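Peer 1: After the structure tokens below, expect a handful of questions from me.
The values are calculated or read from the model by the stated rules, or taken from the named source; none is laboratory data. If you're wondering where the values come from, they're calculated on a predicted model, not measured in any experiment. Reconstructed Cβ throughout: ideal geometry from the backbone, glycine too, with neighbour counts over all protein chains shown.
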Amino acid sequence: MIGFEAELPEAGSYLATEIGQSPVILVRTKSGAIVGFHNSCRHRGAQICVAGHGRAPRLVCPYHQWTYDLEGRLLKAARMDQTFEPQNYSLRAVRVQTVAGCIYVSLSEEAPDFGPFREKLEPALGSQNLVEGKLAYSIVLEENANWKLVMENARECYHCLVRHPELMRVFPREIGDLPTYVGDQTGCEFVPDQHLLDQSGRVEIQEWWQIARFPFNPGVESFSMDGHPLVKKPFTAERSIGSLRWASEPNNFAHATRDVAFMFAAHPTGPTTTRVTAKWLVHKDAVEGVDYDLDKLIYVWDQTNRQDRDLAENNQRGVTGFGYQPGPYSKAGEPYLVNFTEWYCRTALDYIKQVSGTSAMPLI
Ligand code: FES
Ligand SMILES: [Fe+2]
């Protein structure tokens, strides 16, 4: 998950960002679709759009002004010889999917089937209608930790009770123990508690995604320190809907209450560095300073993010030396983490087999 559809409100709106070390551009076309390209000119590879949000009728490379339309087709390349065929130099597309107001990107040639995830997320997020949102705030944290440590930390709440006092005003203390992991090393089965069920009565936990509605503490309606709503113009009038949490491997989770959506994404930038991007979405009619206070809006998750950064960096320091020996997970307290690790090992093994051309690679 790279962001929200609301970040690209009109034709020509774009978002230039990076996935790991790969710059990409997401563009809203004239037909209203969101498409994505590698942000690398087909001439000599220069980055076409500088990072951030913008709007342009065409995409013009700043180097020699090769010019592309919003669909990525090369429109103009000056002083090329007569045999040059511009149709062969469209921007390289990346896979983009939008669902329920969220944008997903995959750089893989073999992205997994998105259909089942869409089928479950759309109705689960239906009442929140995040398409009607606007980006209220975003922040990037450059963390000194390997991305797997960052993600392991993001996939468990074993540490929450002690390390996230703000978040634990919102969620019940048992949240770190649920859902209970009961599978074997390959089954990844979970038995959720009743109050974690989504509105269709199911918790969905699949190989590369999970969807579940989390309860709040009694009297709590949003991610606020006092439990009160954060935004006067919410996405839905429904109250007491808790927070829908949806997450996709290998790098993301998001939460949506009745009045704010929050997303977290972690991308590796080096062996011991990770870029964490966090975004907050509110209803597009909500006015900062009138309908919401920005400091209060971001406080709980911003504090949580910074606490998690400190935990991941501390974890990195601890595993760096020769003295590190891994211990077992708590199956009760770290169930999603087991899921993440198994996903990672399967994916890494598939890759090793693919590049080595053998199925007999030993896995330690
Ligand atoms: S690298 Fe883009 S026009 Fe030359
Ligand atoms: Fe945490």
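Peer 1: Could you check P62 against (1) surrounded by fewer than 16 Cβ atoms within 10 Å (Cβ to Cβ); (2) under 29 Å from K284 (Cα atoms) and say which number it fails?
Peer 2: (2)
Peer 1: Does segment 42-59 contain any residue that is within 14 Å of ligand 1 (Cβ to nearest atom), of a type in the set (K, R), under 27 Å from T269 (Cβ atoms) and surrounded by 17 or more Cβ atoms within 10 Å (Cβ to Cβ)?
Peer 2: As a first pass, look at segment 42-59 and keep what is within 14 Å of ligand 1 (Cβ to nearest atom): 42-50, 58-59.
Still in the list and also of a type in the set (K, R): 42, 44, 58.
Checking which are under 27 Å from T269 (Cβ atoms) leaves us with 42, 44.
If we keep only those that are surrounded by 17 or more Cβ atoms within 10 Å (Cβ to Cβ) too, we end up with 42.
Within segment 42-59, one or more residues are within 14 Å of ligand 1 (Cβ to nearest atom), of a type in the set (K, R), under 27 Å from T269 (Cβ atoms) and surrounded by 17 or more Cβ atoms within 10 Å (Cβ to Cβ).
Peer 1: Only one of (1) more than 22 Å from the chain's Cα centre (by Cα); (2) of a type in the set (K, R); (3) at pLDDT below 95 is not met by K120, so which one is it?
Peer 2: Failed condition: (1).
Peer 1: Let me ask another. Going through L281, L244, L230, L297 one at a time, which residue ends up being in contact with a strand residue (DSSP E or B) (Cβ under 7 Å, 6 or more places away or on another chain), in a loop (DSSP other than H, G, I, E, B) and not hydroxyl-bearing (S, T, Y)?
Peer 2: Result: L230 is the single residue among L281, L244, L230, L297 that is in contact with a strand residue (DSSP E or B) (Cβ under 7 Å, 6 or more places away or on another chain), in a loop (DSSP other than H, G, I, E, B) and not hydroxyl-bearing (S, T, Y).
Peer 1: Pick from segment 28-40 the residues that are under 17 Å from Y89 (Cβ atoms) and crowded, with 23+ Cβ neighbours inside 10 Å: which of them is nearest to ligand 1 (Cβ to nearest atom)?
Peer 2: For segment 28-40, the residue satisfying everything is N39.
Peer 1: Filter segment 85-141 down to residues that are closer than 24 Å to D259 by Cα, aromatic (F, W, Y) and touching a Ser or Thr at 6+ places or on another chain (Cβ under 9 Å), then give me how many there are.
Peer 2: Number of matching residues: 2.
Peer 1: Now a separate question. Filtering segment 149-170 down to residues that are surrounded by fewer than 18 Cβ atoms within 10 Å (Cβ to Cβ) and more than 10 Å from ligand 2 (Cβ to nearest atom), which residue is nearest to G3 (Cα to Cα)?
Peer 2: E166
Peer 1: So which pairs qualify, if the first residue must be in segment 24-41 and under 8 Å from A11 (Cβ atoms) and assigned to a strand (DSSP E or B), the second must be among the small types (G, A, S) and at pLDDT 95 or above, the Cβ gap must be under 7 Å, and the two must be at least 6 apart or on different chains?
Peer 2: Taking only residues 6 or more apart or on different chains, the pairs are R28/A11; R28/G12; R28/S13.
Peer 1: Now, a different point. Looking only at segment 63-75, count every residue that is more than 10 Å from ligand 1 (Cβ to nearest atom) and farther than 15 Å from H38 by Cα and tell me the total.
Peer 2: Residues meeting the conditions: 1.
Peer 1: For the condition surrounded by 18 or more Cβ atoms within 10 Å (Cβ to Cβ), assigned to a strand (DSSP E or B) and either away from ligand 1 (no atom under 16 Å from the Cβ) or of a type in the set (D, E) (or both), what is the one hit in A145, A136? Break it down into steps so the answer makes sense when it comes.
Peer 2: Values: A145 fails: assigned to a strand (DSSP E or B).
Testing whether each residue is surrounded by 18 or more Cβ atoms within 10 Å (Cβ to Cβ), assigned to a strand (DSSP E or B) and either away from ligand 1 (no atom under 16 Å from the Cβ) or of a type in the set (D, E) (or both) leaves just A136.
Peer 1: If you don't mind, another one. Among the residues of segment 61-101, what is the count of those that are under 23 Å from G3 (Cβ atoms) and not charged (D, E, K, R)? Give the derivation first.
Peer 2: As a first pass, look at segment 61-101 and keep what is under 23 Å from G3 (Cβ atoms): 68-72, 91-101.
Next, only the ones that are not charged (D, E, K, R) stay: 68, 70, 72, 91, 93-94, 96-101.
The number of residues fulfilling the criteria is 12.
Peer 1: Still on this structure, please answer the following. Scan segment 301-331 for residues that are over 17 Å from W147 (Cβ atoms) and assigned to a helix (DSSP H, G or I) and jot them down.
Peer 2: The answer is W301, D302, Q303, T304, R306, Q307.
Peer 1: Is one or more of the residues making up segment 331-338 at pLDDT 95 or above, touching a Phe, Trp or Tyr at 6+ places or on another chain (Cβ under 6 Å) and either within 16 Å of ligand 1 (Cβ to nearest atom) or among the aliphatic types (A, V, I, L, M) (or both)?
Peer 2: The answer is no, given that none of the residues of segment 331-338 is at pLDDT 95 or above, touching a Phe, Trp or Tyr at 6+ places or on another chain (Cβ under 6 Å) and either within 16 Å of ligand 1 (Cβ to nearest atom) or among the aliphatic types (A, V, I, L, M) (or both).
Peer 1: Determine whether V290 is buried (at least 16 other Cβ atoms within 10 Å of the Cβ), more than 16 Å from ligand 2 (Cβ to nearest atom) and either of a type in the set (V, I, T) or in a helix (DSSP H, G or I) (or both).
Peer 2: It is false that V290 is buried (at least 16 other Cβ atoms within 10 Å of the Cβ), more than 16 Å from ligand 2 (Cβ to nearest atom) and either of a type in the set (V, I, T) or in a helix (DSSP H, G or I) (or both).
Peer 1: Identify the residue in segment 273-320 that is of a type in the set (S, T, N, Q) and in contact with a Leu (Cβ under 9 Å, 6 or more places away or on another chain) and, among all such residues, is nearest to G133 (Cα to Cα).
Peer 2: For segment 273-320, the residue satisfying everything is T277.
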